[in-house]
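Okay, so here's the structure we're looking at.
Laboratory data are not the source of any read-out in this text; all were calculated from the coordinates shown. These numbers come from a predicted model, not from an experiment. Cβ atoms come from the backbone with ideal geometry, glycine included; neighbour counts cover every protein chain shown.
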Amino acid sequence: MIPFRLVFQPGIALSEQLLYAATKAIVSGQLRPGDPFPSVRSLSKELKINPNTAHKVVMQLTAQGLVEVLPGIGTVVASSLPKPTAAARAGLLGSELEGLVVEAKKLGMQLDDVLSAVSRHWDRIGGAEPASSAKRGTQNS
Amino acid sequence: MSSPIVTHNLSKSFRHTEAVHALSLAVPEGSIYALIGPNGAGKTTTIKLLMNILRASSGSAEILGRDSRRLSPREFARIGYVSENQEMPEWMTVDYFLRYLKPFYPTWDDALAADLVRQFELPGDRKLRHLSRGMRMKASLASSLAYRPELVVLDEPFTGLDALVRDEFTRTLLDRAEGTTILISSHDLAEIENFASHVGYIEEGRLRFTEEMSVLADRFRQVEVTFDAPPPVPANWPADWMKPDTAAAVVRFIDSRFDRERTGAEVRRLFPTARTVDFHAMSLREIFVALAMAGRHAKAA
Amino acid sequence: MRQAIHIFRKDARHCWPYIAAVMALTAVNAWRSVHEAPTGTHILDVLIPFLTVWTWWLAAGSAVHGESLAGDRRFWITRPYSGMSLLAAKLLFLVAFLAVPVLFSDCVVLAASGFNPFLLIPGLLLRQCDFLAFLALPFVMAAFTRVTREFLVALILFWAACYAATFLLGPRVLGSLAESTHGDAPWLLCAAGFLLVAWHYASRRTGAFKAITITLGVLAPIVMASSIMIAGGTIPSPTRSDDARYRSIAIRFAPDPDHPNPVDAASRTKGLIGIPVTFAGWPSHLLVGQLAQASVLDRGRVAWSCTGYLDRSVTTGPDGRALVLFVADMLAPAGATAAAVDLRLSLDLHIFEPQEGATLVPGDGWTYLSGFGSIRLSEGPASTLLFRTALTTPRPEWRYSLGDPSLYPVDGEWSGAAAFANSPMLFQTSPVNSYRGTATTAGPVVFTAKRQVAVVHRELLIRQIHLADFETRIP
């Protein structure tokens, strides 16, 4: 069982998509420190990808300190996760942001319009951290 | 690191047709090599030549370091072969079939065999002739993985299998894929796209290209150029760009040698009046269709 | 060789219906050989051997097809099969399930016919070689085909081709072909088939399967050697002997007014002359005479001559008197028989020595006479003399007589199944050859076997004889 949802899209390398999904799951807290992380073999089998690809991704996750391989136990989410900076989190949204920008430009929108629209959506959808949205507290037109 | 499969100008002619022509490829060790191509391109013939089921008209091939014409029991004990083109002893039950094969393979693992049977939910006491097509392929795969072969060769394994069976088949194959080299020929590109590491494209018996999957995926892009007014089609169409599709104010074509900067510059040069340019990555299936169509047009021309 | 046994066991498991059929038919054949009816042939005498041959062929084919050698969809060619083991497994199958039952059945039939199988081991083993060579044909056919259906078609086509060749080429061509190769033509055909299979393997497979070529190449000489041994070969005719023992054998002209020549009114023989003679120096029932030439002399030189009457040129009657028969018309112009002439008879006398004898009671079991065979009298009231040889046909120099040896006993002749000789297409299912002798009506019979030991030549000169006085008509 893969503890995060992943549907492959054509165009972006599988390894990138997997890395992205795994990182997001860990950073967002969907996977907590100490939780078991699928082995290379499991990933390969469940997602039907090349084990080398899975291996590459696990290596990268290990290098970033997000997962660790414990002898006798297997792969687990790292107990002490590096604190993700705001920039890092923004980086995780890279493709979404790029897509947003491209579509917005296609429609001929201006940056301010885009930011307002984002703000409207932000207020409408209930956040995981009500404290941070309360901190912003901006009203939008 | 030697390649488990290497061919040198492998050719095979049947009476008046040349099924395979001067094929030279190398399958890297540990890779999952997908052999793709249109129907009748010569994929099955190539695999049969590699397995010494057919004898080459000219050229040679080496399997696990040995001339394919001299494959001995020792090599076959390290090779798993699954093909819809191969018969199985119909009268044997699944259990007996595996029991019968065991002494042929020094590395046979009974526990693994039992595991595979369980995973595939194969009825051990049913005769092979009474199995559905999907079960038969699963049984064939189980009997070819139970001894942990170094090289697994699959010839159109997904033909006629429903989605669930294909899924099971793929999962089990990948479960055992570490440390193994896999050669798989298939029409089912969506299925193999995600796990193939290398691709060889065969058309009319010739190997058109062989490269890493990531490289292939990187160099093909569908380019979409939007205009304000119906665009002119330039006279000198670049060789790497496939035949364009024009509709209203949009021109679409496929670039088979995509490079973000170079292609971008080329587009701007040839379409100075372009409003927007979009590059879309292509799935293996889309790449295959484009290639096959180009091939057909080339033949007709 | 472990792999060979493993494959063999799999074949045994898979081909069990054929094995069962072979065992059943082998048992049936053994039973029928032992309990052979004294008189007449039955439809089953043809049907059961025919069925047995085809069952052997199908069994052999089914084993070979377990790992078919033809086609490119075979499951085993991408599996670690060793060519040697595969060949060994198939040969083991043929030996274990086809040849050994034949051997066992042979021993049973021989023992039940009064023979001692242990004394016949060399012959039995040679028969086994013959059998394995006979299996070469289905082996070759199975090698070229994929499934039983194709195999049957191939066999039938082969049979048909052989018959077609017989008709097209005719007995003369085939006869001279057989002569030039000493009767081995069918075996040469099989050998050619082996070579074809071998070439088929060599061109497709290297190394391991060369072993098959060598093995089949070894089979062919066995085939040829055995066909020479079993088919009877040439009959050695005893050379004329001047041995001292036989010098006293003489033949005399013995006309007896009290015993005129028999004239059978119903007989159709015309102009037949019978010269009465008696033999001395050897028991007359142990002599068989043949008239080489009868000559009429005119002043010491031959005027006319002829040979003896068919194959009964010297007949010995129950009273010990013999008649030398020839046809006068062939000896002299018509009318010449009335005159008195000088007649010279040139005779070959075949000398027999008595061998073992026995007193036979109707209904008793087989009595074995060493060197001769097994004999018994069937149950009464009209019992037939039955005779069996083991593994060979009876030697022509052996004959027999019934009755008191001192009382001019009746000479007997054999008739019956000199069964077909072994060839690549047929195999005799019984190890014994059965023959029937004369029938008798009364109880115990004294049987004496006799063996030809020599042949001597005698000349009898009769002066001034009226041939017309010695006309005879015999049935």
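Of all complete DSSP H helices in chain A, those with a Cα span along the helix axis of 15 Å or greater and a mean Kyte-Doolittle hydropathy of 0.5 or more are A:14-27.
A helix-only calculation puts chain A at -16500 deg cm²/dmol for mean residue ellipticity at 222 nm, using -39500 (n - 2.57) for each DSSP H run of at least four residues, averaged over all residues. With the simple spin-label model, which puts each label point 7 Å out from Cα in the Cβ direction, the B:Trp237 to A:Glu96 separation comes to 4.1 nm. A Förster radius of 41 Å, combined with the Cβ-Cβ distance separating C:Arg463 from C:Glu356, puts the computed FRET efficiency at roughly 0.40. Considering only B:Ala217, B:Ala56, B:Ala111, the mean-square fluctuation computed in a Gaussian network model of chain B, springs between alpha carbons under 10 angstrom, is largest for B:Ala111. A simple count of charges around C:Glu67, restricted to other residues whose Cβ falls under 10 Å of its Cβ and scoring Lys, Arg +1 and Asp, Glu -1, yields +3.
Ordered by the count of other Cβ atoms within 10 Å of each Cβ, fewest first, C:His35, A:His55, B:His198 give C:His35, A:His55, B:His198.
Residues A:Arg89, B:Arg148, arranged from fewest to most other Cβ atoms within 10 angstrom of their Cβ, appear as A:Arg89, B:Arg148.
The residues packed around A:Leu97, meaning those with a beta-carbon under 12 Å from its beta-carbon, carry a net charge of -2 if Lys and Arg are +1 and Asp and Glu are -1.
What shape does segment B:44-113 take by its C-alpha gyration tensor, where a ≥ b ≥ c are the square roots of the eigenvalues and a/c under 1.5 counts as rounded, a/b above b/c as prolate, and the rest as oblate? Verdict is oblate for segment B:44-113.
The helix-only estimate of mean residue ellipticity at 222 nm for chain B, built from DSSP H runs of length n ≥ 4 each weighted as -39500 (n - 2.57), is -9500 deg cm²/dmol after division by the residue total.
A cut-off under 15 angstrom between Cβ atoms defines the neighbours of B:Asp188, and their net charge, with Lys, Arg +1 and Asp, Glu -1, is -3.
Its relative contact order, with pairs defined as Cα atoms under 8 Å and 6+ residues apart, puts segment A:1-100 at 27 percent. On the basis of the beta-carbon distance and an R0 of 30 Å, A:Ile73 and B:Asp115 show a calculated FRET efficiency of 0.85. Does segment B:86-224 classify as rounded, prolate or oblate by the C-alpha gyration tensor (a ≥ b ≥ c root eigenvalues; a/c under 1.5 gives rounded; else a/b over b/c gives prolate, otherwise oblate)? Here segment B:86-224 falls in the prolate category. Listed by Cβ neighbour count within 10 Å, with the fewest neighbours leading, B:Asp155, B:Asp245 appear as B:Asp245, B:Asp155.
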